[in-house]
Amino acid sequence: MLALALSFEPRTRDQVAQFVAGAVVSAVDEPRAEYALAVVDRDTGELIGSGRIAMDPHQQRAATFGFALRPDTWGAGYGLETVRLLLTVGFEDLGLHRVWGARSPLNVASAKTMASAGMVEEGTIREHVLKGGRWRDSVVHAILEREWAR
């Protein structure tokens, strides 16, 4: 069930290294279009996930976002904390009007996390992601600047 809920296949060590290298390069781009962060366990400092917000080139003052956490850390509040941090960056630091993200229809935990952060489920993008040789729908959640609780 976990694999079906993700938008991507598990990444190899090389793929993770490429992701990190890309995040480092994008951190110095001008104008900056992407912000990636590491999520660490507050007690151990161990890496447990990541979050990302990226300007949406198809919408004015808008960005997409996503987050992923190790399954053994689910339910500890890291997801909500990560989403709130990404939304804070989007609205308070970048002055965005809209932030949106998409999830697997099977990822009920992610739906609850985004709703807890004030995001609204807007609808379904049909057959949006090709995963494991099969097309999968995505459910879109978004929040507008005026809905953001500061």
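The values are calculated or read from the model by the stated rules, or taken from the named source; none is laboratory data. Just so we're clear, the structure is a prediction, and the values are computed from it rather than from any experiment. Every residue, glycine among them, receives a Cβ derived from its backbone with ideal geometry; neighbour counts consider all protein chains shown. Ligands, DNA and RNA are excluded from the accessible area calculation, which covers all protein heavy atoms including side chains. Shrake-Rupley method; radii C 1.70, N 1.55, O 1.52, S 1.80 Å.
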HN-Hα couplings for segment 128-143 via Karplus (6.51, -1.76, 1.60; θ = phi - 60°), in whole Hz with x for Gly/Pro, come out as 8, 10, 8, 9, x, x, 10, 7, 10, 6, 10, 9, 8, 10, 8, 9
Loop trypsin sites (Lys or Arg not before Pro), segment 41-74 (other Cβ atoms within 10 Å of the site Cβ: 15 or fewer; DSSP): 42, 61
Over the chain, calculate the relative contact order: mean separation of alpha carbon pairs under 8 Å at least 6 apart, over the residue count, as a percent. 19 percent
Hey, how many Å between the Cα centroid of segment 40-67 and the Cα centroid of segment 121-150? 15 Å
Summing -39500 (n - 2.57) over every DSSP H run of at least 4 in the chain, dividing by its residue total and rounding to the nearest 500, the 222 nm mean residue ellipticity is -7500 deg cm²/dmol
Percent breakdown of C-alpha pair distances by 5 Å bin, ordered from the shortest bin, for the chain: 2, 9, 18, 21, 22, 18, 9, 2, 0
For segment 12-113, with only Lys/Arg (+1) and Asp/Glu (-1) charged at the beta-carbon, what is the dipole magnitude about the Cα centre, in debye rounded to 20? 360 debye
Looking at the chain, what % of its DSSP beta bridges pair antiparallel, to the nearest 5? 90 percent
In whole percent, how big is the carbon plus sulfur part of the accessible area of the chain, probe 1.4 Å, protein atoms only? 55 percent
Which loop chymotrypsin sites (Phe, Trp or Tyr not before Pro) in segment 66-133, with loop taken from DSSP, have no more than 16 other Cβ atoms within 10 angstrom of their Cβ? 74
Give me the 1.4 Å probe accessible area per residue for the chain, excluding ligands and nucleic acids, in Å². 62 Å²
